[in-house]
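Notes follow once the structure below has been shown.
The values are calculated or read from the model by the stated rules, or taken from the named source; none is laboratory data. Computed from a prediction, not measured in an experiment: that's the story for all the values here. Here the Cβ is made from the backbone with ideal geometry for all residues, glycine too, and neighbour counts use every protein chain on show.
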Amino acid sequence: MANNLTKIIAGLLIAIAVLLGVYAWMLGRKPADVAPVASTVATQSVPVVVTTRPLQAGQPIPADALKVQQSTAAPQGAFADPLQLVGRIPAADIPAQAAVVASALSSGLAEQIAPGERAVAIKVDETNAVGNRVRPGNYVDVFVNLKRDGTGVAIGGTSMAEIVNTQARLLMSKVRVLSFGDATTERDSSNGSVVGTRTAVLAVPTAQVDALTLAEQSGRLVLALRSPRDDDVAAQTVAVRVGDDKSPSALAAAGMVLGELSKSATTVPAPRAAPRVVARHPSGGSIEVIRGGRTETVAY
């Protein structure tokens with residue numbers, strides 16, 4: 001009896017396995033329903049500023065020479081707003097219908113100089129540049145220290161020489177610093193004090209360049225750092241020549257001599273007169289000497 005039951009169960013299992021195999025075979029023969037998916041890639045356009053006519057190198061870009069055109073891809077350095085390009089200077093000729101890119105435009109310190117200014121480099125160190133705390137974009141007053149030795153006569157071992165024209169004067173007022181050492185307005189390479197001689201580049205009005213170069217060669221320049229909120233500007237300094245109808249370039253071409261750089265100083269003390277013999281004692285043993293307002297008799 002038990003053997004018959006085992007055979008029945010085995011037969012049922014075999015039948016079920018056969019049915020499952022047939023079902024799997026039928027599923028394998030059925031073609032798969034493939035639903036075609038239409039992939040549509042939306043093409044995005046970007047605005048790019050292009051020229052409407054050829055642009056010449058060295059000439060400011062006018063607003064009517066630019067337009068915005070939609071493009072599938074923007075060139076590297078392209079612009080989307082024409083207002084960013086109006087007044088910029090092309091470094092090379094740009095043809096019509098061409099995208100204006102940053103590499104085709106004039107750049108660097110020249111773009112930071114206003115019309116009527118010139119970039120001039122002066123040598124500075126920590127003692128005359130506020131401990132090297134000056135940074136590009138700051139405004140400074142430039143002072144000049146002139147030192148001229150006079151002549152005198154030494155009496156009794158004491159020198160009577162006078163420095164008659166020594167003076168410190170305001171040379172230029174509110175001058176913009178373009179760069180300091182290797183730091184520019186775009187990149188400040190130092191966060192603290194830097195020891196050692198370096199160069200400062202100043203934006204100097206054209207008519208004052210000659211005064212600055214003469215002062216640097218003939219004296220010592222000192223940069224005085226200003227507050228950005230200080231609007232006080234000296235109307236007349238050593239370098240500012242007022243009352244002249246010449247253009248700034250004409251004034252610079254006329255030049256400045258050292259006498260003009262050191263003129264209009266405050267009252268300068270006159271050198272002391274050299275001691276002189278005014279009388280001789282009859283005995284021949286002494287002389288009377290007058291030093292300023294003091295009289296004394298010196299034996300010899």
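Just name the residue that is nearest to Pro115 (Cα to Cα) out of those in region 48-75 that are part of a loop (DSSP other than H, G, I, E, B), β-branched (Val, Ile, Thr) and modelled with pLDDT of 90 or more.
Initial filter on region 48-75 (part of a loop (DSSP other than H, G, I, E, B)): 52-54, 56-62, 72-75.
Next cut, β-branched (Val, Ile, Thr) only: 52, 61, 72.
Next, only the ones that are modelled with pLDDT of 90 or more stay: 52, 61.
Values: Thr52: 27, Ile61: 16 Å.
If we take residues in region 48-75 being part of a loop (DSSP other than H, G, I, E, B), β-branched (Val, Ile, Thr) and modelled with pLDDT of 90 or more, then Ile61 is nearest to Pro115 (Cα to Cα).
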Task: region 121-140 residues that are among the basic types (Lys, Arg), paired with ones that are part of a loop (DSSP other than H, G, I, E, B) (beta carbon under 9 Å, 6 or more apart) - done: Lys123/Thr197; Arg133/Glu126; Arg133/Gly192; Arg133/Ser193; Arg135/Thr185; Arg135/Asp188; Arg135/Ser190
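Considering region 120-129 alone, what residues qualify as being buried (at least 17 other Cβ atoms within 10 Å of the Cβ) and under 17 Å from the mean Cα position of the chain (by Cα)? Walk me through how you get there before you give the answer.
Of region 120-129, the ones buried (at least 17 other Cβ atoms within 10 Å of the Cβ) are 120, 122, 124, 128-129.
The answer is Val120, Ile122, Val124, Ala129.
Just to verify a result, which residue in region 130-153, among those that are among the aliphatic types (A, V, I, L, M) and modelled with pLDDT of 85 or more, is farthest from Pro228 (Cα to Cα)?
Among those residues, the one meeting the criterion is Val144.
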TODO: Considering only residues that are of a type in the set (Gly, Ala, Ser) and exposed (fewer than 12 other Cβ atoms within 10 Å of the Cβ), look in region 45-66 and name the one that is farthest from Ala110 (Cα to Cα).
DONE: Ser45
Task: Subset tally (residues that are assigned to a helix (DSSP H, G or I) and of a type in the set (Gly, Ala, Ser)) for region 200-224 - done: 4
Open item on the list: Quick check on region 92-116: of everything there that is among the hydrophobic types (A, V, I, L, M, F, W, C), in contact with a Leu (Cβ under 8 Å, 6 or more places away or on another chain) and modelled with pLDDT under 90, which residue is farthest from Pro60 (Cα to Cα)?
Closed with: Leu109
Open item on the list: Just to be sure before I move on: is Leu109 surrounded by 13 or more Cβ atoms within 10 Å (Cβ to Cβ) and touching a residue at least 40 places away in the same chain (Cβ under 8 Å) in the structure I sent?
Closed with: yes
Open item on the list: Of the residues Arg229, Arg241, only one is farther than 26 Å from Leu146 by Cβ, among the basic types (Lys, Arg), in the same structural domain as Val124 (by TED's automatic domain parsing) and at pLDDT 65 or above; which?
Closed with: Arg229
Task: Counted residues, region 117-129 - those being in a strand (DSSP E or B) and modelled with pLDDT under 85 - done: 0
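Among the residues of region 76-92 satisfying the criterion of being loosely packed, with under 13 Cβ neighbours inside 10 Å and not aliphatic (A, V, I, L, M), which is nearest to Pro115 (Cα to Cα)? Spell out the reasoning first.
If we filter region 76-92 for residues that are loosely packed, with under 13 Cβ neighbours inside 10 Å, which is where we start, we get 76-77, 80-81, 83, 87, 92.
From what is left, the residues that are not aliphatic (A, V, I, L, M) are 76-77, 81, 87.
Working: Gln76: 30, Gly77: 26, Asp81: 25, Gly87: 12 Å.
Filtering first and then ranking leaves Gly87.
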